[in-house]
């Protein structure tokens, strides 16, 4: 049976764990050859071992790579073209939480290190992969891991949120420039995902929190993002470029949560509406007849 990435070659940064590992294994299962590029040699080699256990030994490579260093990203791309014959996709996925703490206390050094990993790494992966794809002349797919934190500042720390917003806009810009070469550039914006970085030994507890905090009562897992990456890397997304695909169980659709009982401002609005209708029990609002009420004041 034909698979969706049969004969294609991909580089996946941050492939040693979490989203990167899940994507590497999914791509391999779908027929691709994969270069796992990760700073952590131990976890990167573990991913390669898992691939071999699944019968993909001939189609997996591991390269230790700091994505903020151009020569090391170039080596990962070179391994793909030299040892596996070509490059059809790069998934610029490597990341970390980066600088944290009050804005007035964050050091310039921590801020710059965060940008080097989360923004420079995406730039370098895109730049070097695009060179290889243009030379091949057959197009390709570039995927970048952004975040819902790049869409809403309150969803992450200052440096992290700013970096992910930069990734989203860089994705759009690169998509326009590379479109004439039939190179598609897209981003994925994960929501709350149970990765090793987030779980830290409390997976069950975090899963419960995630399920309660978003409309879809399903904890996000790396495999959910891998499925989105598979779509964007495959020919099924042949007409998709410059997009940022949100994969978050409806978390961003929930918005500020004004009417879910958790936001003080929303609670005040609900109470005001109830009083307008002469209702003392807010729960009775659900029984109001449908229709339009102009109220007594303008919004």
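Is it true that some residue in segment 82-90 is more than 29 Å from residue 168 (Cβ to Cβ), surrounded by fewer than 17 Cβ atoms within 10 Å (Cβ to Cβ) and touching a residue at least 60 places away in the same chain (Cβ under 8 Å)? Working first, answer last.
To start, the set of residues in segment 82-90 that are more than 29 Å from residue 168 (Cβ to Cβ) comprises 82-85.
Among the residues that remain, those that are also surrounded by fewer than 17 Cβ atoms within 10 Å (Cβ to Cβ) are: 82-83, 85.
Checking the rest, the ones that are also touching a residue at least 60 places away in the same chain (Cβ under 8 Å) come to 85.
Yes, there is a match, as at least one residue in segment 82-90 is more than 29 Å from residue 168 (Cβ to Cβ), surrounded by fewer than 17 Cβ atoms within 10 Å (Cβ to Cβ) and touching a residue at least 60 places away in the same chain (Cβ under 8 Å).
Residues are listed down the side, and each one gets a yes or a no for (1) assigned by TED's automatic domain parsing to the domain that holds residue 136; (2) at pLDDT 95 or above; (3) closer than 20 Å to residue 29 by Cα:
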{"position": "55", "(1), (2), (3)": "yes, yes, yes"}
{"position": "59", "(1), (2), (3)": "yes, yes, yes"}
{"position": "73", "(1), (2), (3)": "yes, yes, no"}
{"position": "84", "(1), (2), (3)": "yes, yes, yes"}
{"position": "104", "(1), (2), (3)": "yes, no, no"}
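Condition first: farther than 17 Å from residue 72 by Cβ and outside any loop (DSSP other than H, G, I, E, B). Now tell me which residues in segment 101-114 satisfy that.
108, 109, 110, 111, 112, 114
In segment 224-238, which residues are touching a strand residue (DSSP E or B) at 6+ places or on another chain (Cβ under 9 Å) and more than 18 Å from residue 193 (Cα to Cα)? Talk me through it step by step, then tell me what you get.
Going through segment 224-238, the residues touching a strand residue (DSSP E or B) at 6+ places or on another chain (Cβ under 9 Å) turn out to be 224-225, 227-229, 231-234, 237-238.
Result: 231, 232, 233, 234, 237, 238.
Can we say residue 44 is modelled with pLDDT of 95 or more, within 26 Å of residue 222 (Cα to Cα) and buried (at least 23 other Cβ atoms within 10 Å of the Cβ)?
On the way: modelled with pLDDT of 95 or more: yes; within 26 Å of residue 222 (Cα to Cα): yes; buried (at least 23 other Cβ atoms within 10 Å of the Cβ): yes.
So residue 44 passes the test.
In this structure, is residue 114 under 24 Å from the mean Cα position of the chain (by Cα), under 21 Å from residue 5 (Cα atoms), in the same structural domain as residue 245 (by TED's automatic domain parsing) and crowded, with 19+ Cβ neighbours inside 10 Å? Write out each step before concluding.
Working: under 24 Å from the mean Cα position of the chain (by Cα): yes; under 21 Å from residue 5 (Cα atoms): no; in the same structural domain as residue 245 (by TED's automatic domain parsing): yes; crowded, with 19+ Cβ neighbours inside 10 Å: yes.
So residue 114 does not fit the description; no.
I'd like the residue in segment 168-177 that is surrounded by 15 or more Cβ atoms within 10 Å (Cβ to Cβ) and either farther than 25 Å from residue 243 by Cβ or touching a residue at least 60 places away in the same chain (Cβ under 8 Å) (or both) and, out of all such residues, is farthest from the chain's Cα centre (by Cα).
The extreme case among them is 175.
Do we find a residue being over 30 Å from residue 4 (Cβ atoms) and either exposed (fewer than 15 other Cβ atoms within 10 Å of the Cβ) or within 17 Å of the chain's Cα centre (by Cα) (or both) anywhere in segment 120-142?
Going through segment 120-142, the residues over 30 Å from residue 4 (Cβ atoms) turn out to be 120.
Now narrow it down to the ones that are either exposed (fewer than 15 other Cβ atoms within 10 Å of the Cβ) or within 17 Å of the chain's Cα centre (by Cα) (or both): 120.
There is at least one residue in segment 120-142 that is over 30 Å from residue 4 (Cβ atoms) and either exposed (fewer than 15 other Cβ atoms within 10 Å of the Cβ) or within 17 Å of the chain's Cα centre (by Cα) (or both).
Would you check if residue 211 is over 26 Å from residue 103 (Cα atoms), part of a helix (DSSP H, G or I) and touching a helix residue (DSSP H, G or I) at 6+ places or on another chain (Cβ under 7 Å)?
On the way: over 26 Å from residue 103 (Cα atoms): yes; part of a helix (DSSP H, G or I): yes; touching a helix residue (DSSP H, G or I) at 6+ places or on another chain (Cβ under 7 Å): no.
Here the answer is no, as residue 211 does not meet what is asked.
Quick test of your reading of the structure: residue 97 fulfils all but one of (1) crowded, with 19+ Cβ neighbours inside 10 Å; (2) at pLDDT below 95; (3) within 19 Å of residue 16 (Cβ to Cβ). Name the failing condition by number.
Here residue 97 clears every test but (1).
Got at least one residue in segment 253-268 being at pLDDT 75 or above, in a loop (DSSP other than H, G, I, E, B) and in contact with a helix residue (DSSP H, G or I) (Cβ under 9 Å, 6 or more places away or on another chain)?
Among the residues of segment 253-268, not one is at pLDDT 75 or above, in a loop (DSSP other than H, G, I, E, B) and in contact with a helix residue (DSSP H, G or I) (Cβ under 9 Å, 6 or more places away or on another chain), which makes the answer no.
In the set 138, 161, which member is in a loop (DSSP other than H, G, I, E, B) and either assigned by TED's automatic domain parsing to the domain that holds residue 44 or in contact with a strand residue (DSSP E or B) (Cβ under 6 Å, 6 or more places away or on another chain) (or both)?
138
Do the conditions hold for residue 3, that is, is it outside the structural domain of residue 136 (by TED's automatic domain parsing) and either surrounded by fewer than 15 Cβ atoms within 10 Å (Cβ to Cβ) or in contact (Cβ under 8 Å) with a residue 24 or more places away in the chain (or both)? Reasoning before the result, please.
Numbers: outside the structural domain of residue 136 (by TED's automatic domain parsing): yes; either surrounded by fewer than 15 Cβ atoms within 10 Å (Cβ to Cβ) or in contact (Cβ under 8 Å) with a residue 24 or more places away in the chain (or both): yes.
Yes; evaluated as a whole, the condition is true for this residue.
Hey, could you check segment 6-26 for residues that are out of contact with any helix residue (DSSP H, G or I) (no Cβ under 7 Å at 6 or more places or on another chain) and touching a residue at least 60 places away in the same chain (Cβ under 8 Å) and say which is nearest to residue 192 (Cα to Cα)? Can you show your working first?
Going through segment 6-26, the residues out of contact with any helix residue (DSSP H, G or I) (no Cβ under 7 Å at 6 or more places or on another chain) turn out to be 6-8, 20.
Still in the running and touching a residue at least 60 places away in the same chain (Cβ under 8 Å): 8, 20.
Values: 8: 30, 20: 15 Å.
Among those residues, the one meeting the criterion is 20.
Just to confirm my filter: which helices (runs of 4 or more DSSP H) fall fully inside segment 1-100 and include at least 3 residues that are under 27 Å from residue 136 (Cα atoms)? Don't jump to the end; show me each part of the working.
Values: elements: 18-29, 41-53, 70-83.
In segment 1-100, 18-29, 70-83 are the helices (runs of 4 or more DSSP H) which contain 3 or more residues that are under 27 Å from residue 136 (Cα atoms).
Taking the condition of being at pLDDT 90 or above and assigned to a loop (DSSP other than H, G, I, E, B), how many residues in segment 146-158 meet it?
Qualifying residue count for the region: 3.
The values are calculated or read from the model by the stated rules, or taken from the named source; none is laboratory data. It should be emphasised that the depicted structure is a prediction, and the values quoted were computed from it without experimental measurement. In this analysis, Cβ positions are derived from the backbone assuming ideal geometry, glycine residues included, and neighbour counts consider all displayed protein chains.
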